[in-house]
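Since the structure comes first, as structure tokens, the remarks are kept for the end.
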Amino acid sequence: MTYDLPDGQLFIGGAWETGSGAEITSIYPADGSVNRVFRGASRADGERAIARALAAQADPAWRGLKPHERARILHRIADGIEANAARIAYIQTRDTGKSLRETSALVASAAGTFRYVAAALETLDDTMTVPRGDYLTLSVHEPLGLVAAITPWNSPIASDAQKVAPALAAGNAVLLKPASWSPLVSLELARIIEEAGLPKGLFSVLPGAGREVGNLLVEHTSIAKVSFTGGTSTGRTLARQAAEKLMPVSLELGGKSPTIVFEDADQTLAIAGILFGIFSSSGQSCIAGSRLFVQRSIYDSFVARLVEATKALRVGDPFDPETQVAPLIHADHRASVSAMVEAAVADGATLLCGGKAPTGGIYDAGTYYMPTILADVTNDALICREEVFGPVLVVMPFDDEADVIAQSNDNVYGLACGIWTRDFPRAYRMARAITSGTAWINTYKQFSISTPFGGEKDAGIGREKGREGIRAYMAQKALYVDLTGRPHPWARMED
């Protein structure tokens, strides 16, 4: 079944308007056809959205709502996502090239995020602290005010929900800037949020150039926080800009995550998890397990099995339910992935499989790339240091725990890791020893909205998800209430 795509109108402060910024072209990666051409947001559009958001957020009709009353709206948004799940999944597949099976799961995740955040909001208590005098002391939390959310092109509906839901739950207004390569599903989310009854002005969707709209959202004095998911170099720039105004930021950036297979691992289980960890989403995932370390005693036989399993993966049409690896997002991105593989081979890496775009039939028109495994590299090779963001895995042997811990941590990123072993004490030691925000044991790339997520080192700052994910969009305030009814003795005003 096909669905109409969003018409390209922008949602600016509660009103659907034609953007006045540069033209945006959404392309279907599977065949290069054009989904939609429309005008993105300009700086003036962003300024208008900010003005409307400030007025709406200051209105007691929103700011004064009790948590359970805000939660009702979040539940209605979740209902709207679920009721439109097939349509949203279709739009995201057209926009990103992800398989329909994957986008359907992402839509379910987005609905679950709004549902969880609504439930958490109703039970998120402030605290009465222990007094140190004749007064009552409390710790309370208040909205920051106006929050900007900047999301990437690889999983927009899930990334949007992960930022928008807790920011709204906290009582803020939210300006969402989706990536120009995948703007349509965020506009569809705006329609659902509008229909759920969120007061006008509290939410805007502003696809547009980073140098124009993105800079405005970071630099504007009224923006109280920016939550950004994307590349590390852009994150560094954003952090410098935020520092000038002493604005808090949340940065979920790149990764070069290690996956470790010990000789006692269940190899079938490990191979299935490794394939999913690197080749699902066509490798276009920050937490992709892109560096594989295999204990030397099983290295040759394990890698041989892995290569055969990789060759058997189904590369194809995103709407085919049998497809496991769909096309990459854009021709420019595929060229970047291909160039990194070619450079690695030129530097001495051995290509075990893949390393090229498939040809013939549907492949000629789309931006497909074969699942790729490279061997005979060392951990200091460029292909092991830089994020490829494509279906490319490098495999290396290791000798013992100390060796693999050192190699795993010898990287600027610290986002995630995977550990495959039947020895639980060893798994626990490894999970604690490797610098990462997430460690998976005998599984990979599993997520829960209830569990905090983020990275270390160049992988980012801050955490999203979990109950405290709402607090990340709030300011903490201390309250002191006198219990004596007497003037302070310093003033010497006693009767």
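Brief remarks on what is shown
- Neighbour-limited loop hits for trypsin sites (Lys or Arg not before Pro), the range 57-159 (at most 11 other Cβ within 10 Å; DSSP other than H, G, I, E, B): Arg132
- For the range 89-164, the alpha carbon convex hull comes to 115 Å³ per residue, rounded to a whole number.
- Taking each DSSP H run with n ≥ 4 as -39500 (n - 2.57) and averaging over every residue of the chain yields -11500 deg cm²/dmol at 222 nm.
- The antiparallel fraction among DSSP beta bridges confined to the chain stands at about 45%.
- Computed Rg/Rh of the range 33-112, alpha carbon atoms with Kirkwood Rh: 1.10
- Distance from the range 238-264 to the range 3-28 (C-alpha centre basis), Å: 30 Å
- Spin-label pair Ser233/Arg492, simplified geometry with 7 Å Cα→Cβ offset, distance in nm: 6.8 nm
- The range 346-478 - Kirkwood radius from inverse mean 1/r over Cα pairs (Å): 17.7 Å
- Environment charge of Leu54, counting only residues whose C-beta is closer than 12 Å and scoring Lys/Arg +1, Asp/Glu -1: +1
- Shown is the FRET efficiency for Tyr135 and Asp300, computed with R0 = 56 Å from the Cβ-Cβ distance and rounded to the nearest 0.05: 0.20.
- For the range 61-93 versus the range 137-204, the gap between their alpha-carbon centres in whole angstrom: 11 Å
- Amide H contacts of Thr443: Ile419, each under 5 Å away and 5 or more positions distant or on a separate chain (H built 1.01 Å from N in the peptide plane; Pro and chain starts excluded).
- Our coupling estimate for the range 409-422, obtained by passing each phi through the Karplus curve with A = 6.51, B = -1.76, C = 1.60 and θ = phi - 60°, is 7, 7, 7, 6, 9, x, 8, 8, 7, x, 10, 10, 6, 8 Hz, Gly and Pro reported as x.
- One decimal place: the segment Arg240-Thr25 gains 74.4 nm when fully extended, by the rule 0.36 nm per residue minus the C-alpha distance.
- Each 5 Å bin from zero holds the following percent of Cα-Cα pairs in the range 7-48: 6, 24, 26, 18, 13, 8, 4, 0.
- Rounded D (µm²/s) - the range 211-355, Kirkwood Rh over Cα pairs, Stokes-Einstein at 4 °C, 1.567 mPa s: 71 µm²/s
- Once the Cα gyration tensor of the range 95-254 is diagonalised, semi-axes √(5λ) in Å: 29, 21, 14
- Kirkwood hydrodynamic radius of the range 258-441, from inverse mean 1/r over distinct Cα pairs, in Å: 16.6 Å
- Computed about the Cα centre, the dipole magnitude for the chain is approximately 860 debye when only Lys and Arg (+1) and Asp and Glu (-1) carry charge, each at its Cβ.
- From phi via Karplus (6.51, -1.76, 1.60), per-residue ³J(HN,Hα) for the range 254-268 in Hz, x at Gly/Pro: x, x, 9, 6, x, 10, 10, 10, 8, 5, 8, 5, 6, 5, 5
- Debye intensity ratio I(q)/I(0), log10, the chain, q values 0.05 Å⁻¹ (C-alpha model): -0.21
- Three-way shape call for the range 109-151 based on the alpha-carbon gyration tensor, with the a/c threshold at 1.5: oblate
- Taking the chain and dividing mean pair separation by its residue count, relative contact order in percent (alpha carbons under 8 Å, at least six apart): 18 percent
- When both bridge partners sit in the range 258-441, DSSP labels roughly 15% of those beta bridges antiparallel.
- Separation of the Glu17 and Val412 label points, Cα + 7 Å toward Cβ, nm: 3.9 nm
- In this structure, the amide hydrogen of Lys177, modeled 1.01 Å from its nitrogen in the peptide plane, lies closer than 5 angstrom to those of Ala149, Ile150, Thr151, Leu206, counting only residues at least 5 positions away or on a different chain.
- A straight Cα-to-Cα reach below 18 Å connects Lys200 with the aspartates and glutamates Glu17, Asp45, Glu47, Asp59, Glu69, Glu188, residues fewer than 8 places away in its own chain not being considered.
- Karplus 3J(HN,Hα) series, Hz, for the range 389-405 with 6.51 cos²θ - 1.76 cosθ + 1.60 (x for Gly, Pro): 6, x, x, 10, 10, 10, 10, 9, x, 9, 9, 8, 4, 4, 4, 6, 5
- Debye intensity ratio in log₁₀ form over the Cα atoms of the range 232-312, taken at each q of 0.11, 0.13, 0.26 Å⁻¹: -0.44, -0.54, -1.24
- Taking Thr372, Thr96 and counting other C-beta atoms within 10 Å, the order from fewest to most: Thr372, Thr96
- Ordered by the count of other Cβ atoms within 10 Å of each Cβ, fewest first, Cys417, Cys384 give Cys384, Cys417.
- Cβ-based exposure ranking for Leu5, Leu187, in which fewest neighbours within 10 Å come first: Leu5, Leu187
Every number here is computed from the coordinates shown, using simple stated rules; none is lab data. These numbers come from a predicted model, not from an experiment. Because the Cβ atoms are built from the backbone with ideal geometry, glycine has one as well, and the counts that use them run over all protein chains shown.
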